[in-house]
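Single-structure report; data block below.
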Amino acid sequence: MREAKKHNPSSIHYIPLEGGNFFDVISPKNKPISATEEKKSAYLRFALIGLIVVAVFSAGNVYFQGKELITRNRNLAFAGFEELQEGGQYLAEKNYGQANLVFSKAQRSLRELSGSTHYLTAQANVFLNQSLYLDTAEKLIESGIAVSHMGQQLADLAQGVGNLKTAFIRQNPAADFMTLLHQEKTKLDHLLAEAEGVRQNLATLNAQLLPTDVRGQLVFAQNKLTEILTASREVEVYFQGALRLLGDRVPHDYLILLQNKNERRATGGFIGSVVLVTVNDGVITKMEPKDVYDIDGQLMENVPPPAGIDAVAEHWALRDANYSPDFPTSAQKIMWFLEHSRGPSVDTVIAVDQTVAEKLLELTGPLNVSGIQDLITSENLNALLSYSAETKMAGTQNPKQLLFDLMPPLKERIMNADHWPELLAATSDLILGRHIQMYSADEQVEALIGRLGMEGRVIAAIPKTDYLNVVSTSIGGNKSDQFITAVMNHRTEIGQEGSLVDQLGITKNHTWQATSIDPWLSLIRRYGTGNLTPGTLRFILGEGSNVDYMRVYVPRGSRLTGSHNLESVTTYEDLGYTVFAFKMTVDPGKSETVSLKYELPFRLTFNPVDDYRLMVQKQAGTENITLKKTVVTADALEVVREYPEYESAFSLTPVYEMPLHRNQIFLTAVKSDL
């Protein structure tokens, strides 16, 4: 067999650069070749450091909404390259103009380096026998140039997104806004393409040719580049969804549900009115308010109502279609009823309650509405809306006219006011409290809704995790839910062998009293009671007994072992959970408590420690609910960790108490001494 020709590493020829080697590499026999000048030995790191600097200092800016990917491990990124360092710092400081200039300067330096090695690269096959060393150098330099360009693109993109916000606030012509949006989307597409190219370039490098310390930096840079790509694709979801919502190329149709939280339903409140909206190329071309009863009057099919609703309606219709606590499920049913009631098909459903308007009025201050003598404030809005809806005080056949008349001045005040940080904070709270929910049949829009946390989904069941979701549906008492305060007391007993038994107590207090009518007295004196008697009006506003159909969602397979103060409890399955359903009535000025006891379908496995976890999901739109949580263990068990941490040292059995404004998570780590 012919023996392969052996090369003596010392006989390999290379072209020196100003008296020194091009960069430090490792020979085939893993013997380092030392650079004669430190300046030239750092060239290899130059291109790589450029990638790391941008990755570290700039990745977070891809989100533009506070999702930071910046790391503190800056020592890897400096290495004396001031230009790239400055560019990254300017990006982090959101000084995008200066960052652009510095990255441009860094790019020129890298191009000069690339030019100085061009002859070597071109003659590599002749002089270096197809050596991989210069190939590695070339790819690193190309990546560095691309990364510098990416830094410029990031700066341009971030600056452009800021201009989008300004254009929106100033209400520039819709065509201009859409043009800006498309321009920024194109920038993002270019950034994604270039980042993917760099990723592929680095993936083909032979890391074994690099000094050991540089290999770690290369892996770090590759990981950060992957994060940039992931973050950029997340931003792409926002652009795509926003363009669809704005009716880019194809008009987008909305159904806005105005839910009344004073008459509680699974997704927030009774649907009294809706607004049909069409947006085309960023312009609202249609806004048509409708009373829900007008829509229901056109229903062409007889649909039997579900349990609970059958107590208040002979037929199921759109006004009661928000029956499922899972908003996408309810939204799809609502869309079906709209189409079968001679209504249009829509792309997206949005549900809001009066808390949204109240929060906005806190920011804008009092507003004047034509036909209403009173200034509308966050304090009197609820009373005005309730009174207007029941007595038609605005002198129109549409009982919700006051709400529709409020929209234009409220929008104008919001757009012209200088309180955007407060508005964003308020919007975040409204989303967490599930006062705003959205669903779209458009997949790209639904993806955006999910990123924004507005989907209103029931949380999917998690193995070996306790779950609680108490859903109230008003079936009597009209608007009396506004006078109900509630306490949910959830107690878990952990047995010696790991068994789990929950006991849930629900206490409701009906706070209506003689003075509860006072907020409406001035309205009654000024406008009268319409066709209603004062007694009937008081009953509608909340004086009547509060009757709710209650559904308690718990882990699937849970077994009811007892109940208290309930005539009957129905058990069934829904959305991957077991449901205990019953009716609860509370008279004005009274308090009622009911309780359920049930065994969970799983146990803790002590080896020697296991975690008990509970997820409590808040019903959309609910307020004035206090949650109390207690965990009790057998004597042979020891609690070694808890979340939230319990601060009191004087209680052997901690009771966590908090307002249920949003979803809550509890964790108790338990150790067995057996």
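Could you name every one of the strands (runs of 3 or more DSSP E) located completely within segment 547-619 that has at least 3 residues being β-branched (Val, Ile, Thr) and closer than 26 Å to Tyr323 by Cα? Reasoning before the result, please.
Details: elements: 559-564, 570-574, 577-586, 591-599, 609-616.
Output list reads 577-586.
Each row is one residue, and each column tells you yes or no for (1) in contact with an Asp or Glu (Cβ under 9 Å, 6 or more places away or on another chain); (2) among the aromatic types (Phe, Trp, Tyr).
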position: Phe239; (1), (2): yes, yes
position: Arg244; (1), (2): yes, no
position: Gly247; (1), (2): yes, no
position: Asn260; (1), (2): yes, no
position: Glu263; (1), (2): yes, no
position: Thr285; (1), (2): no, no
position: Lys290; (1), (2): no, no
position: Pro304; (1), (2): yes, no
position: Asp310; (1), (2): no, no
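Restricting the search to segment 226-255, which residues are assigned to a helix (DSSP H, G or I) and either among the hydroxyl-bearing types (Ser, Thr, Tyr) or touching a strand residue (DSSP E or B) at 6+ places or on another chain (Cβ under 9 Å) (or both)?
Matches in segment 226-255: Thr226, Thr230, Ser232, Tyr238, Gly241, Arg244, Leu245.
Of everything in segment 427-443, what is surrounded by 17 or more Cβ atoms within 10 Å (Cβ to Cβ) and in contact (Cβ under 8 Å) with a residue 24 or more places away in the chain? Give them in sequence order.
Within segment 427-443, Leu430, Gly433, Arg434, His435, Ile436, Gln437, Met438, Tyr439, Ser440, Asp442 meet the criteria.
Given the criterion exposed (fewer than 14 other Cβ atoms within 10 Å of the Cβ) and in the same structural domain as Thr653 (by TED's automatic domain parsing), identify the matching residue among Arg603, Arg551, Arg556, Arg526.
Just one listed residue meets the conditions, Arg526.
Give me the pairs: first residue in segment 584-607 and farther than 30 Å from His510 by Cα and in contact (Cβ under 8 Å) with a residue 40 or more places away in the chain, second residue part of a strand (DSSP E or B) and among the acidic types (Asp, Glu), beta-carbon distance under 8 Å, and six or more apart or on different chains, which are they?
Glu599/Asp502; Leu600/Asp466; Leu600/Asp502; Leu604/Asp610; Leu604/Asp611
Can you confirm whether segment 501-512 contains a residue that is assigned to a loop (DSSP other than H, G, I, E, B), under 26 Å from Gln482 (Cβ atoms) and at pLDDT 85 or above?
Taking segment 501-512 as the starting set, the residues that turn out to be assigned to a loop (DSSP other than H, G, I, E, B) are 511-512.
Cutting the leftovers down to under 26 Å from Gln482 (Cβ atoms) gives us 511-512.
Still in the running and at pLDDT 85 or above: 511-512.
Yes, that holds for at least one residue.
Which residue, of Leu452, Leu500, is farther than 30 Å from Thr536 by Cβ, in contact (Cβ under 8 Å) with a residue 12 or more places away in the chain and either surrounded by 18 or more Cβ atoms within 10 Å (Cβ to Cβ) or more than 26 Å from the chain's Cα centre (by Cα) (or both)?
Testing whether each residue is farther than 30 Å from Thr536 by Cβ, in contact (Cβ under 8 Å) with a residue 12 or more places away in the chain and either surrounded by 18 or more Cβ atoms within 10 Å (Cβ to Cβ) or more than 26 Å from the chain's Cα centre (by Cα) (or both) leaves just Leu500.
Looking at segment 295-311, is at least one residue within 30 Å of Pro408 (Cβ to Cβ) and buried (at least 18 other Cβ atoms within 10 Å of the Cβ)? Reasoning before the result, please.
Residues of segment 295-311 within 30 Å of Pro408 (Cβ to Cβ): 295-298.
In the following step, the residues that additionally are buried (at least 18 other Cβ atoms within 10 Å of the Cβ) were identified as 295-296.
Checking segment 295-311: at least one residue is within 30 Å of Pro408 (Cβ to Cβ) and buried (at least 18 other Cβ atoms within 10 Å of the Cβ).
In segment 503-523, how many residues are aliphatic (A, V, I, L, M) and buried (at least 18 other Cβ atoms within 10 Å of the Cβ)?
Adding up the residues that qualify gives 3.
With (1) within 18 Å of Val471 (Cα to Cα); (2) surrounded by 21 or more Cβ atoms within 10 Å (Cβ to Cβ); (3) more than 30 Å from the chain's Cα centre (by Cα) as the list, and Asp320 as the residue in question, which single condition is left unmet?
(3)
Listed residues Tyr238, Tyr293, Tyr254; which is under 30 Å from Leu541 (Cβ atoms), of a type in the set (Phe, Trp, Tyr) and either out of contact with any Pro (no Cβ under 8 Å at 6 or more places or on another chain) or not assigned by TED's automatic domain parsing to the domain that holds Gln332 (or both)?
Numbers: Tyr238 fails: under 30 Å from Leu541 (Cβ atoms); Tyr254 fails: under 30 Å from Leu541 (Cβ atoms).
The conditions single out Tyr293.
Output the number of residues of segment 308-339 satisfying the condition of being on the phi > 0 side of the Ramachandran plot and among the hydrophobic types (A, V, I, L, M, F, W, C).
Of the residues in that region, 0 qualify.
Could you tell me which numbered condition Tyr612 fails, if it satisfies all but one of (1) at pLDDT below 95; (2) within 22 Å of Ile494 (Cβ to Cβ); (3) surrounded by 18 or more Cβ atoms within 10 Å (Cβ to Cβ)?
Just one mismatch for Tyr612, condition (1).
Can you name every residue in segment 188-207 that is in contact with an Asp or Glu (Cβ under 7 Å, 6 or more places away or on another chain) and more than 12 Å from Ala146 (Cα to Cα)?
Scanning segment 188-207 gives a single hit, Leu188.
In segment 467-491, which residue that is touching a His at 6+ places or on another chain (Cβ under 9 Å) and surrounded by 18 or more Cβ atoms within 10 Å (Cβ to Cβ) is farthest from Asp320 (Cα to Cα)?
So, considering only residues that are touching a His at 6+ places or on another chain (Cβ under 9 Å) and surrounded by 18 or more Cβ atoms within 10 Å (Cβ to Cβ), the one farthest from Asp320 (Cα to Cα) is Leu468.
Considering only segment 408-458, state which residues are in a loop (DSSP other than H, G, I, E, B) and at pLDDT below 90.
Looking only at segment 408-458, we keep the residues that are in a loop (DSSP other than H, G, I, E, B), and these are 417-419, 433-435, 441-442, 453-458.
Once the filter is applied, which keeps residues that are in a loop (DSSP other than H, G, I, E, B) and at pLDDT below 90, segment 408-458 yields Ala417, Asp418, His419, Gly433.
Where the second residue is of a type in the set (Lys, Arg) and surrounded by 15 or more Cβ atoms within 10 Å (Cβ to Cβ) and the first is farther than 21 Å from Pro251 by Cβ and lies in segment 285-303, which pairs have Cβ atoms under 6 Å and are six or more apart or on separate chains?
Going by the 6 Å Cβ cut-off, the qualifying pairs are Val292/Arg319; Asp296/Arg319.
The values are calculated or read from the model by the stated rules, or taken from the named source; none is laboratory data. It should be emphasised that the depicted structure is a prediction, and the values quoted were computed from it without experimental measurement. Here Cβ is always computed from backbone atoms with ideal geometry, including for glycine, and neighbour counts include all displayed protein chains.
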